[in-house]
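The values are calculated or read from the model by the stated rules, or taken from the named source; none is laboratory data. Everything numeric in this text was worked out from a predicted model, so none of it was measured. Positions of Cβ are generated from backbone atoms using ideal geometry, with glycine treated the same way; all protein chains shown enter the neighbour counts. Please note that ligands, DNA and RNA were not included when accessible areas were found on the heavy atoms of the full protein model with its side chains. Shrake-Rupley method; radii C 1.70, N 1.55, O 1.52, S 1.80 Å.
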Amino acid sequence: MIRTIVLSSLLLLGCSYVQTTWLGAIAVLGVVPDLALVALIWISYKNGLVEGPVTGFLSGFAEDFLSAAPLGFNAFVKTFVATCAGFLHGVFFIDRIILPFALGAVGTIAKALAAGILSFIFAGKVQGYNLLDRVFWIEAAYNGVAAPIVFLILSPLKRVLMTERGRE
């Protein structure tokens with residue numbers, strides 16, 4: 001379990017690096033797909049309610065240190081999204097396109113909901129998403145489109161990114 005969490009956290013940090021450095025070339029209105037979020041959804045969906053949220057917290061906390069976000073913001077958001085995805089562990093059969101698209105898009109909505117909770121609690125200090133803004137919906141669609149591709153890329157890594165319990 002510890003190996004899975006460490007490797008998954010490192011993978012998510014790598015995804016964060018890729019999305020902030022290389023994916024600017026495919027930005028639409030300044031929006032790039034959130035690869036780390038999509039990969040976290042896959043990890044949480046496959047492993048359940050232990051490894052996913054712990055991985056989300058650790059990678060989010062590391063991301064907080066590397067970004068301008070308030071300390072704990074990304075940790076909370078990623079833990080929230082990972083917990084939501086972990087609740088779906090074993091509930092659905094994951095096909096190749098429809099469910100990954102839905103998980104990517106709904107995961108973005110969960111991310112916005114978590115950011116909104118923090119924005120409400122820390123009014124004026126943390127900025128949430130505007131759910132009526134087209135930029136938010138572009139990100140949700142972008143993450144939905146990226147999810148089947150990311151899920152396909154991560155599938156061969158099941159041996160190192162999933163615990164024995166998750167593979168059952």
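Taking Ile2, Ile26 and ordering them by how much accessible surface each has at a 1.4 Å probe, largest first, produces Ile2, Ile26. Computed in the context of the full set of protein chains, the accessible area of the chain at 1.4 Å probe radius has 73% of its extent on carbon or sulfur. The residues Met1, Met162, sorted by heavy-atom accessible surface at 1.4 Å with ligands and nucleic acids left out, run Met1, Met162 from largest to smallest.
FRET efficiency for the pair Arg134 and Phe65, taken as 1/(1 + (r/R0)^6) with r the Cβ-Cβ distance and R0 = 30 Å, rounds to 0.45. Think of the stretch 69-153 as a dipole: +1 on every Lys or Arg Cβ, -1 on every Asp or Glu Cβ, centred on the Cα centre; then among Asn143, Val77, Ile97, Val77 lies furthest on the positive end.
Can you compute the helix-only [θ] at 222 nm over the chain? Use -39500 (n - 2.57) per DSSP H run of at least 4 residues, normalise by all residues, nearest 500 deg cm²/dmol.
On the way: 8 runs with 116 residues, N = 168.
So the calculated ellipticity at 222 nm is -22500 deg cm²/dmol.
Largest first, the three principal axis extents of the alpha carbons in the chain are 45, 30, 29 Å in whole numbers. Projecting the Cα atoms of Asn130, Trp22, Ala115 onto the charge dipole of the chain (Cβ charges, centred on the Cα centre) puts Trp22 farthest toward the positive pole.
Which value, in debye to the nearest 20, gives the size of the charge dipole of the stretch 34-168 about its Cα centre, when Lys and Arg are +1 and Asp and Glu are -1 at the Cβ? It would help to have the intermediate numbers written out before the result.
Values: 10 positive and 9 negative charges, 35 e Å.
For the stretch 34-168, the charge dipole is close to 160 debye.
The Cα-based radius of gyration and maximum Cα-Cα distance (Dmax) for the stretch 77-168 are 15.0, 45 Å.
Accessible area ranking (1.4 Å probe, heavy atoms, ligands and nucleic acids excluded), largest first, for Arg134, Arg3, Arg159: Arg159, Arg134, Arg3. Couplings 3J(HN,Hα) for the stretch 65-71, derived from phi with the Karplus relation 6.51 cos²θ - 1.76 cosθ + 1.60 (θ = phi - 60°), are 5, 8, 10, 8, 5, x, 4 Hz, where x marks Gly and Pro. When the chain is described by a simple charge dipole with +1 on each Lys and Arg Cβ and -1 on each Asp and Glu Cβ, the residue from Ser9, Leu66, Asn47 located farthest towards its positive end is Asn47.
Per-peptide packing, taken as the mean over residues of other Cβ atoms within 10 Å, places 136-146, 39-49 in the sequence 39-49, 136-146 from highest down.
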